[in-house]
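A short write-up of the structure that comes next.
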Amino acid sequence: MNKITSFTINHLKLLPGVYVSRKDHVGDSVITTFDLRMTSPNDEPVMNTAEVHTIEHLGATFLRNHEECATYLRNNFEWGNKTIYFGPMGCRTGFYMILAGDLTSNDVLQLVKDMFLFIKNYEGDIPGASAKDCGNYLDLNLYMAKFIATKYYDILSNITPEQLVYPE
């Protein structure tokens, strides 16, 4: 059995960053999967499920409502209609973000920065945090999600070219 692409990346050299994980063709369209790597794999502690779950709720809400959030952030580019998926990696070292379009890490860097700025500054009730809306609504931690989002936002604000392309 062949290894899937994500298992061929050298996780011993992988830094936190924004990477193109894969590009898939669906009919005449391209969708791009991004690896939003938030911790150094096998080096730093992984994120706990409560903060991962909170970032998932806030990140997905931000992306799907990007036109409204773009006004909040005073930019005019809308990604809401290009968002296909945002969710955690099973290893809890980051998230996958899938967007419509043939895109690069540089194309989405500002979007990812805006999303994590939104999360790090978020106040109020977590969207979807009720038994009616979520299958595990008690496993959320806004304080830790904001702490992790702040750490990742700082990484994104000082990102290097090595953190935008998978290591060899």
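Here is how the numbers come out for the structure above:
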quantity	calculated
Partner aspartates and glutamates for LYS146 [C-alpha distance under 14 Å; skip if fewer than 8 residues away on the same chain]	GLU51, GLU56, ASP114, GLU123, ASP125, ASP154
Solvent-accessible area per residue, Å², over the chain with all protein chains present [probe radius 1.4 Å]	55
Between the range 38-63 and the range 95-168, the alpha-carbon center distance in angstrom	7
Mean residue ellipticity (222 nm) of the chain, computed from DSSP H runs ≥ 4 via -39,500 (n - 2.57), nearest 500	-10500 deg cm²/dmol
Size-normalised alpha-carbon gyration radius of the chain, reference 2.2 N^0.38 Å	1.01
Carbon + sulfur, % of accessible area of the chain - ligands and nucleic acids excluded, 1.4 Å	52
Unsatisfied cross-links (Cα-Cα over 25 Å) in the set LYS3/LYS82; LYS23/LYS113; LYS82/LYS113	LYS3/LYS82
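The values are calculated or read from the model by the stated rules, or taken from the named source; none is laboratory data. The model shown is predicted, which means the values in this text are computed figures rather than measured ones. SASA here: full protein model, heavy atoms, side chains in, ligands and nucleic acids out. Shrake-Rupley method; radii C 1.70, N 1.55, O 1.52, S 1.80 Å.
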